[in-house]
Structure formats: C-alpha cells, structure tokens
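The block underneath contains the structure these notes are about, expressed in structure tokens.
The values are calculated or read from the model by the stated rules, or taken from the named source; none is laboratory data. Keep in mind it's a predicted model, so treat the numbers as computed, not measured. Positions of Cβ are generated from backbone atoms using ideal geometry, with glycine treated the same way; all protein chains shown enter the neighbour counts. We work out accessible area using only protein heavy atoms, side chains counted, and drop any ligands, DNA or RNA first. Shrake-Rupley method; radii C 1.70, N 1.55, O 1.52, S 1.80 Å.
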Amino acid sequence: MALESQVLNLNKGLVNFTHEVEKNGGENISVCYQCGTCTGSCPMGRRNALRTRKIMRMVALGLKDDLLKSDEIWYCATCYTCTDRCPRHVKPTDVILALRNMATKQHLAPKNFLANAGYIYQSGHAVPNNDANRALRVKLGLTKDPPTTHMYPEYLPGIQKILDATGLMKIKAEMEAKK
Amino acid sequence: MSTTPKMKSSFFLGCIAPNRYPGIEVATIKTAKNLGLELVELKGAGCCPAPGAFGSMDLLTWEALAARNVCLSEQMGLNCSVVCNGCYKSLYDVNEKLKENPEEKDKVNKILKLADMEFQGSIEVRHVAEQLYNDVGIKKIRDSVVQPLNGIKVGIHYGCHLLKPGRDRKFTNPEAFGTETPRFLDEMVEALGAKSIDYKDKTMCCGAGGGVRGYKIDFALDMTNEKLRNMQAVGVDCIVDVCPFCHLQFDKGQAEIAEKFGDKYNIPVLHYGQLLGLAQGMSPDELGLEAHVIKVDSLLDKIV
C-alpha cells in the first residue's frame with residue numbers, strides 16, 4: 001500500500017475526496033493527530049490487516065483509489081469502539097462506512113452485501129422466515145409468520161419503491177450483469 | 001413514578017428474533033407484560049435495515065428504510081421498542097438524526113412519499129432492556145422473580161450498538177450506561193438471583209457486525225472464539241445478551257467454531273428476556289430454549 005511501499009506523491013491526493021468523505025459522515029478528519037487510539041482499540045485489527053489509523057491518514061491524504069479498492073475497509077465489524085474513544089471526536093467507523101458507500105457506487109462492494117438488499121426487496125427481511133422456524137413459532141403459540149411484511153405483504157411495494165428510488169437495486173443489477 | 005399509567009410500546013421485531021429465535025420474541029412479550037409493559041404488534045414492519053449491511057452500501061437507503069419503520073409506529077401514536085442492538089442502531093440513530101436535521105429529514109421524506117409515508121419525529125425509539133431498567137426499575141424486576149436463579153454464573157455480553165458511540169446516546173445514567181464499564185445489565189441479571197462474572201474484554205464486540213459475518217466469517221468467529229475463551233476462563237454457566245444477532249453469533253457460532261477451529265465450549269446462550277422468563281417461572285419450552293443450538297440442560301440443572 002501507498003504508505004509503506006512508495007514515496008508519497010501528494011499531487012495524487014484528492015482534496016475533494018477528503019471533503020466528500022467528511023460530508024458523508026466522516027466529519028473532523030482533518031483534526032486527526034494519528035495517536036493510534038483507534039487501531040489500539042480495534043478488536044478486528046488484532047486478527048487481520050485492518051488498520052484504522054492508516055485508513056484515517058490515507059483519507060486525509062486523499063488516496064481515493066487505494067482506499068476504495070482495499071479489501072480491509074470491509075473487515076470492520078462497526079463496533080464503534082474507535083469512535084467512542086477518539087480523543088479528537090473523529091468518527092473512524094463512519095469514515096469507513098462512507099468509504100464503503102463510495103466503493104459500492106463503483107461496484108466494489110462484496111456480493112453478500114448486495115444479497116441483503118435482494119432479500120429485503122423480495123420479503124422485507126434481510127433474514128426471511130423458513131419452514132422449520134414457522135413450526136417452532138406455532139409451537140411457541142406465535143403466528144407462523146410474524147406480523148411484519150411476512151404477514152402483511154401489502155407493505156412490500158413501499159419498501160421496493162424506496163429501494164428503487166435510491167438506486168441501490170440498479171447498482172445490484174449492474175453488478176450482476178457484469179459477472 | 002407511581003402515577004405512570006400502564007406502559008405501552010409498539011414492538012419492532014427485526015429479522016433474527018422472529019425468523020430464527022422466536023423464543024426471544026415470545027419471552028420478551030410475556031416478561032414485559034408481567035412488568036406492566038405492553039408490547040403491541042407493529043404491522044408491516046420489515047428489516048431495520050441491518051446497519052452494517054445497509055449503512056455500508058448506501059446511507060440514504062438505510063435511513064429511508066429505517067424511517068419507514070419509525071413511521072409505522074408514529075402512525076400508531078406509540079413509542080417503538082426493539083430487542084436487538086442492530087435494530088436499535090438503525091431506528092434510534094435515524095430517528096434522532098432526522099429529528100435534529102431538517103435538511104436530512106426533507107431528503108428522506110421525499111423518498112418516503114413514494115411509500116405514502118412521512119416522518120414526523122413524534123416518537124422515541126427504545127431498547128426493551130434499557131426500558132426495563134429505566135422505566136420499570138430493578139425493584140420491580142426483582143419483585144417479579146418466582147424462581148430465583150440460584151447464583152448461576154453469567155457472562156454478560158452487552159454488544160455494541162446499544163451503547164456505542166456514547167457521544168450519540170442520551171442515557172441519563174452514565175454510570176449504568178457507560179461504554180467502558182456499563183452496569184445496567186449486570187444489575188438486571190443479579191436482580192434475578194444470578195451472579196454476573198467479570199471477564200477479560202467484556203465489552204468487546206461479538207464479531208458478527210458490519211457485514212463481516214457474511215463476508216469473512218472466519219474473522220467474525222475468531223472474535224467470538226476469543227470472547228468464549230475469556231468467558232470459559234472464569235467458569236460462566238451461560239452467556240446473556242440483549243441482541244439476537246450477537247445471540248446467533250454465540251449460539252450457532254459455537255457449532256461453527258467447533259467445526260472450523262476445533263474449539264468446543266458448550267456454553268448456553270440466553271437473551272435477557274429468556275433469562276427473565278426462567279426467573280419469572282416460565283418453562284424452558286415456553287421460552288424456546290430447546291431450539292437453541294447449544295443445549296441448556298446443564299444450566300437448568302443448576303437452577304432447579
């Protein structure tokens with residue numbers, strides 16, 4: 001990655017990119033003083049290559065392509081410990097979410113994320129009901145389907161219209177067409 | 001507040017409680033009722049939607065779908081209660097954000113109009129666990145116990161999104177709801193006659209969130225494994241959570257960890273509603289405990 005393996009060419013950095021990340025929830029990036037509380041607090045980074053402090057620095061330097069193509073931005077479990085502890089009130093978790101949003105627009109999101117959108121489009125639930133669970137529900141004295149979109153599918157078109165309007169389903173379709 | 005009338009909230013179920021662990025749903029409804037909190041159906045609700053998955057793809061979609069769920073509760077004129085930390089993150093955060101930010105509210109309402117809905121900002125979103133602690137109170141919880149839990153050793157898992165980030169939460173009791181050493185759930189567990197056992201990295205994440213369980217399950221399970229190791233080291237009899245996704249990660253996760261890494265724990269996993277149900281005298285079958293991946297018999301033997 002850029003920070004270790006090459007001399008940084010700051011002309012490569014895109015100031016607009018940094019502002020865009022800030023606008024999308026990652027406010028205060030410019031006040032990060034690289035103390036490392038985020039990386040030190042990160043339970044996920046202890047077992048893989050996720051380095052939150054490095055991501056924060058790369059955002060400040062505007063290294064858009066390296067960030068959006070990196071696999072590590074998808075390792076964060078969004079526990080918000082870094083955000084909770086940041087002495088500069090930066091929100092590294094929301095910075096990572098903003099990066100993921102931008103990567104999604106470039107069709108770089110992992111498949112399983114888009115699959116969730118598909119399940120909700122079809123059923124209203126990211127984790128839909130199944131027959132074994134229906135039997136268990138009845139045994140417990142519950143209705144076989146919960147009183148959600150499962151029991152009232154007339155609410156589904158509203159959900160579908162929302163998903164169509166924001167463009168997420170279009171991204172999903174485009175990604176599937178490419179494969 | 002003795003003058004408070006009977007408490008009533010809409011019950012937002014989410015996905016994993018109703019569709020994978022319905023015992024959590026039934027336990028929550030019955031135990032809350034015993035404590036004067038009536039949870040009523042929220043017709044037509046859907047996924048919250050999952051903050052890790054949807055927040056990652058498109059924040060506006062996440063906000064609009066979450067706001068749709070909030071609107072359903074607004075239409076009933078009721079506050080909305082959840083039993084899942086992930087649902088709390090979606091519904092609470094979006095509800096507060098849209099209340100505080102008129103520009104964002106307008107943006108979301110333009111989309112909601114397509115579903116014939118409009119976000120008003122007229123209700124509160126609550127997690128049943130904090131509602132029981134803050135509105136019902138420890139004394140009433142203790143008074144509802146008919147089967148004290150005999151000092152069983154509980155490893156409490158708070159999860160992440162109910163409490164963190166603390167700067168975005170408005171709990172009025174920072175000692176009980178602090179992010180580093182929270183206490184409210186410990187008090188609620190001990191009110192039932194169980195013992196909360198401290199363990200290393202108690203407030204650490206279960207590993208499942210942020211879409212990691214779906215994308216890199218080995219990373220997610222490695223974190224779960226670390227928490228299980230830390231709880232086993234202090235000899236807990238069971239794990240108690242307040243989030244069906246954490247619940248699934250610890251319950252189903254133990255089978256996955258045994259298969260992938262060869263580590264076996266067999267520590268029963270209960271949502272707080274289910275633990276409260278046992279203490280209020282409900283049978284394990286009534287609480288859906290027999291459907292858990294990890295059998296609860298060892299725990300039940302210690303209680304009776």
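For the pair the range A:28-70 / the range B:58-109, the C-alpha centres are spaced 29 Å from each other. One Cα centroid belongs to the range B:117-189, the other to the range A:106-151; the line between them spans 27 Å. Rounded to the nearest 20 debye, the dipole magnitude of chain B is 160 debye, with +1 charges on Lys and Arg beta carbons, -1 on Asp and Glu beta carbons, and the Cα centre as origin. Whole-Hz Karplus values for the range B:248-256 come out as 4, 5, 7, 7, 5, x, 4, 5, 5 Hz, taken residue by residue from phi with 6.51 cos²θ - 1.76 cosθ + 1.60 and θ = phi - 60°; glycine and proline positions read x. Helix content alone sets the calculated 222 nm mean residue ellipticity of chain A: runs of n ≥ 4 DSSP H residues at -39500 (n - 2.57) each, divided across all residues, give -14500 deg cm²/dmol. Between the residues A:VAL95, A:PHE17, B:LEU65, the greatest Cα displacement towards the positive end of the dipole of the protein assembly as shown, with unit charges on the Cβ of Lys, Arg, Asp and Glu, is found for A:PHE17.
Just checking the listed ones, B:LEU35, B:LEU149, B:LEU65: in the Gaussian network model of chain B with Cα springs under 10 Å, the one fluctuating most is B:LEU35. So which aspartates and glutamates pass the test for B:LYS99, namely a Cα distance under 16 Å, with those fewer than 8 places away in the same chain ruled out? Candidates past the 8-residue exclusion: B:GLU63, B:GLU74, B:GLU118, B:GLU124, B:ASP168. The 3J(HN,Hα) values that the Karplus relation (6.51, -1.76, 1.60; θ = phi - 60°) gives for the range B:96-101 are, in residue order, 5, 4, 6, 5, 8, 10 Hz. Gly and Pro appear as x. Using the alpha-carbon atoms, what tilt in degrees (0 to 90, nearest 10) does helix B:217-233 show relative to the longest principal axis of chain B? Computed tilt is about 50 degrees. Pairing chains A and B buries close to 5400 square angstrom of accessible surface in total, based on protein heavy atoms and a 1.4 angstrom probe. Rounded to the nearest 10 degrees, the inclination of helix B:102-112 to the longest alpha-carbon principal axis of chain B is 90 degrees.
Under 5 Å between amide hydrogens, built in the peptide plane, is the criterion, and for B:ILE156 it picks out B:ILE197, B:VAL240 among residues at least 5 positions away or on other chains.
Between A:ASN28, A:ASN130, A:ASN48, the Gaussian network model of chain A with springs among Cα atoms under 10 angstrom shows the greatest mean-square fluctuation at A:ASN130.
In the range B:144-300, the portion of solvent-accessible area held by carbon and sulfur atoms comes to 49 percent [1.4 Å probe, whole percent, DNA, RNA and ligands not counted]. Charging the Cβ of each Asp and Glu at -1 and of each Lys and Arg at +1, and nothing else, the dipole of chain A about its Cα centre rounds to 320 debye.
Nonpolar atom fraction for chain A, defined as the carbon and sulfur part of the 1.4 Å probe accessible area, stands at 52 percent.
Under a Gaussian network description of chain B, with springs only between Cα atoms under 10 Å, the residue in B:SER122, B:SER90, B:SER81 that fluctuates furthest is B:SER122. Distance between the pseudo-spin-label points of B:ASN150 and B:SER283 (7 Å out from Cα toward the beta carbon): 1.8 nm.
For A:THR148, the residues 5 or more places off, or on other chains, whose built amide H falls under 5 Å of its own are B:GLY44.
So if we plug the beta-carbon distance of B:VAL234 and B:VAL293 into 1/(1 + (r/R0)^6) with R0 = 22 Å, what FRET efficiency do we get, rounded to 0.05?
Working from the Cβ atoms, E equals 0.45.
Whenever you get a sec, compute what percent of the accessible area on the range B:13-141 sits on carbon and sulfur atoms (1.4 Å probe). Heavy-atom surface of the range B:13-141 belonging to carbon and sulfur, 1.4 Å probe: 47 percent. Using a cutoff of 8 angstrom between alpha carbon atoms and counting only pairs six or more residues apart, the relative contact order for the range B:7-128 works out to 29 percent. At a Cβ-Cβ separation cutoff of 4.7 angstrom, cysteine residues of chain B with no neighbouring cysteine are B:CYS15, B:CYS47, B:CYS71, B:CYS80, B:CYS238. Only Cα pairs under 8 Å and 6+ residues apart enter the sum, and on that basis the relative contact order of chain B stands at 20 percent. Only one residue of A:VAL59, A:ALA132, A:ASN116 has its Cα farthest out toward the positive end of the dipole of the range A:33-132, where Lys and Arg carry +1 and Asp and Glu -1 on Cβ, and that residue is A:VAL59. Defining a contact as two alpha carbons under 8 Å apart and six or more residues distant in sequence, what relative contact order in percent does chain A show? Value for chain A: 19 percent. Taking all protein chains into account, the per residue accessible area for the protein assembly as shown stands at 40 Å² (1.4 Å probe).
Taking the square roots of 5 times each eigenvalue of the Cα gyration tensor of the protein assembly as shown, largest first, gives ellipsoid semi-axes of 35, 26, 21 Å. For chain A, the cysteines with no partner cysteine C-beta closer than 4.7 Å are A:CYS32, A:CYS35, A:CYS42, A:CYS76, A:CYS86. Amide H contacts of B:GLU38 (H built 1.01 Å from N, in plane; Pro and chain starts excluded): B:MET7, B:LYS8, B:SER9 sit under 5 Å, all sequence-distant by 5 or more or on other chains. Dipole size in debye (nearest 20) for the protein assembly as shown around its Cα centre, Lys and Arg Cβ +1, Asp and Glu Cβ -1? Here the protein assembly as shown has a charge dipole of around 580 debye. Its DSSP H runs of at least 4 residues, each contributing -39,500 (n - 2.57), put the calculated 222 nm mean residue ellipticity of chain B at -13500 deg cm²/dmol, to the nearest 500.
Among the listed pairs A:LYS23/A:LYS170; B:LYS107/B:LYS252; A:LYS54/B:LYS227; B:LYS33/B:LYS170, which are separated by more than 29 Å between their Cα atoms? As for pairs spanning more than 29 Å Cα to Cα, those are B:LYS107/B:LYS252. What whole-number distance in Å separates the alpha-carbon centres of the range B:247-277 and the range B:208-235? Spelled out, the Cα-based centre of one part sits 10 Å from the other.
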